[in-house]
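Below is one structure, written out as structure tokens, with a few remarks after it.
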Amino acid sequence: MSTENTTAESGGFIASVLTEIFTSPLQLLLVGIITFLVYKIFKSQTHSSPPPPKPEPALPKLKKRDFTLEDLKPFDGRGPDGRILIAVNGKVFDVTKGRRFYGPGGPYSAFGGRDASRGLATFNVTGGADSYDDLSDLNSFEMDSIREWEMQFTEQYDYVGKLLKPGQEPTTYSDEEEEDTSAQDTPSV
Ligand code: HEM
């Protein structure tokens with residue numbers, strides 16, 4: 001069979017289908033319904049999907065300062081600005097951009113506004129100590145784990161200041177220190 005024959009045959013077939021459609025009211029109705037449904041599906045996909053959520057604007061960077069446990073508490077993500085601070089190994093980090101983890105309803109929300117050190121080391125996500133925790137009973141494996149978490153937080157989040165021991169005076173940070181927000185300058189445990 002030649003190509004010309006095939007083309008002629010398929011052309012004839014299409015022509016006869018079209019004739020069939022346009023001469024039968026029932027076929028015409030079906031074509032109309034299908035066209036309408038395809039149009040509706042296409043329209044619903046292109047127009048009715050909700051716009052993607054706007055990324056929340058980042059909060060202004062916190063001025064460098066030290067915190068007591070009590071000072072930390074309000075920063076659990078439930079405050080008016082939603083800021084979240086967490087202490088790890090004596091250092092306070094602004095973890096607001098990790099809201100999906102530490103914010104209300106997040107899997108680690110119990111760490112928000114708390115010292116998370118012990119919880120992180122002992123795989124306990126239910127919270128942090130209510131009084132100052134010197135972590136002195138933790139074994140070397142657990143302390144290594146805390147230091148690893150501290151490194152991870154240092155890489156991911158802004159360091160804000162130290163977690164103060166009871167009676168410890170807060171540091172007065174100069175504007176130059178303010179510029180350097182790295183956690184490297186405050187050796188801890
Ligand atoms: C069934 C057990 C667990 C599973 C399946 C799990 C899974 C995850 C996943 C998928 C992430 C997100 C990682 C990313 O997107 O960057 C994450 C983050 C995290 N996990 Fe878990 N996790 C578990 C238990 C724990 C436990 C016991 C702790 C500590 C007590 C913990 C602490 C964290 C923290 C702090 C983050 C957030 C790190 C950040 O700020 O980026 N997880 N986890």
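The values are calculated or read from the model by the stated rules, or taken from the named source; none is laboratory data. This one's a predicted model, so the numbers in the text were calculated from it and none came from an experiment. So basically every Cβ, Gly included, is an ideal-geometry build from the backbone, and we count neighbours across all protein chains shown. Each accessible area value is taken on the protein alone, full model and side chains, heavy atoms only, with ligands, DNA and RNA left out. Shrake-Rupley method; radii C 1.70, N 1.55, O 1.52, S 1.80 Å.
Assorted remarks:
- Of the residues making up the range 146-168, those that are out of contact with any Phe, Trp or Tyr (no Cβ under 7 Å at 6 or more places or on another chain) and under 20 Å from R99 (Cα atoms) are W149, E150, M151, Q152, T154, E155, Q156.
- Residues of the range 63-110 that are farther than 11 Å from Y157 by Cβ, away from the ligand (no atom under 14 Å from the Cβ) and touching an Asp or Glu at 6+ places or on another chain (Cβ under 9 Å): K63, K64, R65, D66, L69, L72, F75, G82, R83, G90, P104.
- Yes/no for M151 being free of Cβ contacts under 8 Å to residues at least 60 places away in the same chain, open to solvent by 80 Å² or more (accessible area, probe 1.4 Å), aliphatic (A, V, I, L, M) and part of a helix (DSSP H, G or I): yes
- Number of positions in the range 16-63 that are at pLDDT 75 or above and among the aromatic types (F, W, Y): 2
- Of all residues in the range 57-81 being under 21 Å from Y108 (Cα atoms) and among the basic types (K, R), the one that is least open to solvent (accessible area, probe 1.4 Å): K73
- Total residues in the range 146-163, condition more than 20 Å from R65 (Cβ to Cβ) and near the ligand (Cβ under 9 Å from one of its atoms): 3
- A count restricted to the range 131-145 and to residues that are in contact (Cβ under 8 Å) with a residue 40 or more places away in the chain and either away from the ligand (no atom under 15 Å from the Cβ) or at negative phi (or both) stands at 3.
- The range 111-130, residues that are away from the ligand (no atom under 11 Å from the Cβ) and open to solvent by 80 Å² or more (accessible area, probe 1.4 Å): D130
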